[in-house]
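Every number in this text was worked out from the coordinates using simple rules, so none of it is lab data. Remember, predicted model here, so these are calculated numbers, not experimental data. Here the Cβ is made from the backbone with ideal geometry for all residues, glycine too, and neighbour counts use every protein chain on show.
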Amino acid sequence: MIPLLGLIAGLIIGIFLPFHIPQEYSNYAAVAILAALDSVLGGLSASLEGKFNIKVFLSGFFANSLLAALLAYIGDKLGIQIHLAAIFAFGNRIFLNFGNIRRKLIHANDVK
């Protein structure tokens with residue numbers, strides 16, 4: 001429940017306090033946002049399983065986002081478009097987490 005509340009709070013803040021990211025940093029921001037969204041959906045999935053740990057969630061949220069942006073930056077400096085691989089990997093994980101959440105919610109409703 002905490003990851004979902006954090007996602008909603010972030011969306012509200014983003015809508016009412018718009019922040020413009022310069023074009024040269026857009027690849028890094030995109031990868032960091034995907035990593036953060038992956039962490040949120042992973043936290044929601046863990047919450048539905050009863051395995052949610054706030055320390056694991058927060059450390060993963062910030063560390064994964066920073067590491068993803070750093071790797072995209074290093075890839076750019078090396079002339080490798082590594083952000084494309086990160087987008088694919090995080091996109092894949094997001095869909096897997098979303099599928100797991102969906103199955104858990106459907107199964108929870110079938111049991112009742």
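Things to note:
- A simple rule links phi to the HN-Hα coupling: the Karplus curve 6.51 cos²θ - 1.76 cosθ + 1.60 with θ = phi - 60°, which for the stretch 23-29 gives 4, 5, 9, 5, 5, 5, 5 Hz, with x for Gly and Pro.
- Across every pair of non-identical alpha carbons in the stretch 1-45, the mean reciprocal distance, once inverted, gives a Kirkwood radius of 11.5 Å.
- Potential extension, Ser26-Leu66 segment - 0.36 nm per residue separation minus Cα distance: 13.0 nm
- For the chain, the spread of Cα positions along each principal axis, largest first, Å: 53, 31, 23
- Distance between modelled label sites at Leu17 and Lys55, nm, 7 Å Cα→Cβ extension: 2.9
- Ranked by how many other beta carbons lie within 10 Å on average, peptides 77-90, 30-43 from highest: 30-43, 77-90
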